[in-house]
Amino acid sequence: QVRLVESGGGLVQPGGSLRLSCAASGIRFSIYHMGWYRQAAGKQRESVASITNTGSTRYADSVKGRFTISRDNAEETVYLQMNSLKPEDTAVYYCNADSRFNNYWGQGTQVTVSS
């Protein structure tokens, strides 16, 4: 059974930081490209950051310089370090695992940036 379990979300003040984690099981983690997406209320889901199975990273323009994606293949976990958070970063954040043949989603974790 494939599972992607996100954690680390919560309420944070503007300018604060959070670190999201996504623990994977049931897949050969090292071959998957991993990504973080987010969906704010009333908006479409959008890509935030991604990391390939070889470690190449990409970021949405809105988070460049503030967010960092990383992965630990031994722990089968992908992380999203979020710094200098803004109210517009408020959303449900989802983890995604993508290979040539399969695509999986986590259940999401809520991030709320508010004073």
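Table for the structure above
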| read-out | value |
| --- | --- |
| Other-chain or far-sequence residues with amide H under 5 Å of residue 48's (modelled H) | 36, 37, 38 |
| Exposure ranking of 86, 64 by accessible area [1.4 Å probe, largest first] | 64, 86 |
| Alpha carbon Rg of the chain, scaled by the compact-globule rule 2.2 N^0.38 Å | 1.00 |
| GluC sites (Glu not before Pro) restricted to DSSP loop in region 74-115 with at most 13 other C-beta within 10 Å | 75 |
| Mean Cα-pair separation over length for the chain, i.e. relative contact order, pairs under 8 Å, 6 or more apart, % | 36 percent |
| Computed Rg/Rh of region 1-62, alpha carbon atoms with Kirkwood Rh | 0.99 |
| Computed FRET value (nearest 0.05) for residue 56 with residue 105, which takes r as the C-beta separation and R₀ as 22 Å | 0.55 |
| Gain upon complete extension [residue 47, residue 115; 0.36 nm per residue less C-alpha separation] | 21.9 nm |
| Per residue accessible area of region 13-96, 1.4 Å probe, in Å² | 52 Å² |
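The values are calculated or read from the model by the stated rules, or taken from the named source; none is laboratory data. Everything quoted here is computed from the prediction, not taken from an experiment. Backbone-built Cβ (ideal geometry, glycine too); neighbour counts: all protein chains shown. Quick note on the areas: whole protein, heavy atoms, side chains included, nothing else; ligands and nucleic acids left out. Shrake-Rupley method; radii C 1.70, N 1.55, O 1.52, S 1.80 Å.
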